[in-house]
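Each remark here refers to the structure printed beneath this line.
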Amino acid sequence: MSYLMIFIAAIFVNNIVLSQFLGICPFLGVSKKISTALGMGCAVMFVMTLSGLVTHLIYFNLLQPNGLSFMTTVIFILVIASLVQMVEIILHKTSPMLYQALGIFLPLITTNCAVLGIAILAVQKNMSLMEAVCYNLANAMGFTLAIVLFSSIRERLSANPIPKALQGAPIALITAGLLSMAFMGFSGISH
């Protein structure tokens, strides 16, 4: 599979949030402001790409050759949790405002099913190391694109009068559904 097709498919056609519905918690929770969404997207991009590299190496050099494939989920969760701790420490030192803005959602990257799901999918698809890293990066870019687009729409919606029954979660879910349908238009690209 060419690297360009990996990127196009992961970002637009099979978007992790809008097509595969992984990572919905941070997608809905951190998308009220563009700056926070962009910060979360960058943190997820770093963690997802690095975890893709590390988990691929661990799986194909340690787990699979030693018949320990049944430990994949547990080991991958430990790797992701360690990487999130590293990101949290770095953000706390370098960007305290972003660290505060992300709040509880930064540690929740550990339990973000998108990060774990993409790491597992990359090894299940038996990708090479470079393909796996590109796949993880592309999916993280797709996550970032989706959350930033969604947050920009939510910011615009907050300035408009919305019927009381649709305020909050209902309008957010309707918007997410419409955004997901818009991304379905890209499905013909990969064929």
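The values are calculated or read from the model by the stated rules, or taken from the named source; none is laboratory data. Note that the structure is a prediction, hence the values are computed from the model and not measured. As a convention, Cβ positions derive from the backbone with ideal geometry for all residues, glycine included, and neighbour counts pool all protein chains shown. We work out accessible area using only protein heavy atoms, side chains counted, and drop any ligands, DNA or RNA first. Shrake-Rupley method; radii C 1.70, N 1.55, O 1.52, S 1.80 Å.
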Degrees separating the helix 34-58 axis from the principal Cα axis of the chain, which is the longest one = 10 degrees
Using only Cα atoms, tell me the angle between helix 129-158 and the longest principal axis of the chain; keep it within 0 to 90° and round to the nearest 10.
-> 10 degrees
Compute the acute angle (0 to 90°) between the alpha-carbon long axis of helix 72-94 and the principal axis of greatest extent of the alpha-carbon atoms of the chain; round to the nearest 10°.
-> 60 degrees
Percentage relative contact order, segment 11-158, counting C-alpha pairs under 8 Å, at least six apart = 48 percent
Filtered pair list for the chain (Lys only, Cα < 30 Å, 8 or more apart or interchain) has a length of 4
Starting from the Cα gyration tensor of segment 84-191, take the square roots of the eigenvalues, sort them a ≥ b ≥ c, and report rounded, prolate or oblate (rounded when a/c is under 1.5, otherwise prolate if a/b is larger than b/c, else oblate).
-> oblate
Might you report the magnitude of the Cβ-based charge dipole of the chain about its Cα centre, with Lys and Arg at +1 and Asp and Glu at -1, to the nearest 20 debye?
-> 420 debye
Cut-off 20 Å, label 7 Å out along Cα→Cβ of Leu78, residues of segment 122-144 by amide N | 123-124
Probe 1.4 Å, heavy atoms of protein chains only: per residue, the accessible area of the chain in Å² is 51 Å²
Cα-based radius of gyration of the chain once divided by 2.2 N^0.38 Å, which approximates compact folds = 1.06
Which ³J(HN,Hα) values, rounded to whole Hz and listed in residue order, are derived for segment 13-20 from phi using the Karplus coefficients 6.51, -1.76 and 1.60 in 6.51 cos²θ - 1.76 cosθ + 1.60 with θ = phi - 60°, glycine and proline given as x?
-> 6, 10, 3, 4, 8, 8, 10, 9
Separation in nanometres of the label points that stand 7 Å from Cα toward Cβ, at Ala159 and Cys25 | 3.3 nm
Any idea of Thr144's accessible area? Nearest 10 Å², probe 1.4 Å.
-> 10 Å²
